[in-house]
Amino acid sequence: MTGRTAEIAVRCACGSAAVRRVNQFVLHDELWWDAEFSCDACGAHLCEHAGAEPAPDDVRAALLAAHGPVRLRLVGPLPSRLPALKVVREVLSVPLPRAGELVEELSREGLEGTAAEMEFLGDRLRRGGVPVDVDR
Ligand SMILES: [Zn+2]
C-alpha cells in the first residue's frame, strides 16, 4: 500500500544528517503508527515508537506532505445517518455534535486524512453498512 511511509530529515547526535522514518498503518483492526531513526554515518538505529493510537501531528504532517491527503466519501445517499454517526463517533472518539458535522462532510465534499486513517475509517464504515469510497 502506498502513502503509509514518510521520511523526516533530522540530525544525529554524531552530527550527520540522518533520517526519521514514520509509518502509519492498519494492524489487527487498529490504526498504528511507528517511527524509526537511522543514521548511515555512525550506524545508529533506533525504534522510537510503535503503538495503536492516533499519530502525533508531526507524523501526520509528514505523511500528508509526502503523499497529500486522501478523501473518503459516501457512495450514494444514506437511508439513515445513524450507522455512520455511530462509527465516526467510535473511531474518531468525538462527541456526537462533532460526529454529526463529520458525517455531513462525508456526504458532501468528503473527509480528508492520511491514507491509513481513511483506510481504517472506510473499513469500519463499510462494516457498519455505510457505503464509502476513497477518492484520490
Ligand atoms: Zn550518527
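Any read-out appearing in this document is the output of simple, stated calculations on the displayed coordinates, not a laboratory observation. Please read these numbers as outputs of a predicted model, since none were measured by experiment. Counting neighbours? That spans all protein chains shown, and the Cβs are built from the backbone with ideal geometry, glycine included.
Here are the numbers:
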quantity	calculated
Neighbourhood net charge (10 Å Cβ-Cβ; Lys/Arg +1, Asp/Glu -1) for Gly122	0
Debye log10 I(q)/I(0) at q = 0.10, 0.16, 0.19 Å⁻¹ for the chain, Cα point scatterers	-0.39, -0.81, -1.03
Modelled label reach - His49, point 7 Å along Cα→Cβ, the range 66-88 residues with backbone N closer than 15 Å	none
For the range 70-135: span of alpha carbons on each principal axis (Å, largest first)	24, 24, 21
Net charge dipole size for the range 5-67 [Lys, Arg +1 and Asp, Glu -1 on Cβ; Debye, nearest 20]	280 debye
Exposure proxy ranking, count of Cβ atoms within 10 Å, fewest first, for Thr114, Thr5	Thr5, Thr114
Candidates Leu63, Leu78, Leu125, ranked by Gaussian network fluctuation over the chain, Cα under 10 Å, top entry	Leu78
Value of Rg/Rh across the range 5-67 [Cα atoms, Kirkwood radius]	1.02
Local electrostatic count at Ala52 - Lys and Arg +1, Asp and Glu -1, tallied over other residues with Cβ under 12 Å	-4
His49, His28 arranged by Cβ crowding within 10 Å, fewest neighbours leading	His28, His49
Fewest-first sequence of Cys42, Cys12 by Cβ atoms within 10 Å of each Cβ	Cys42, Cys12
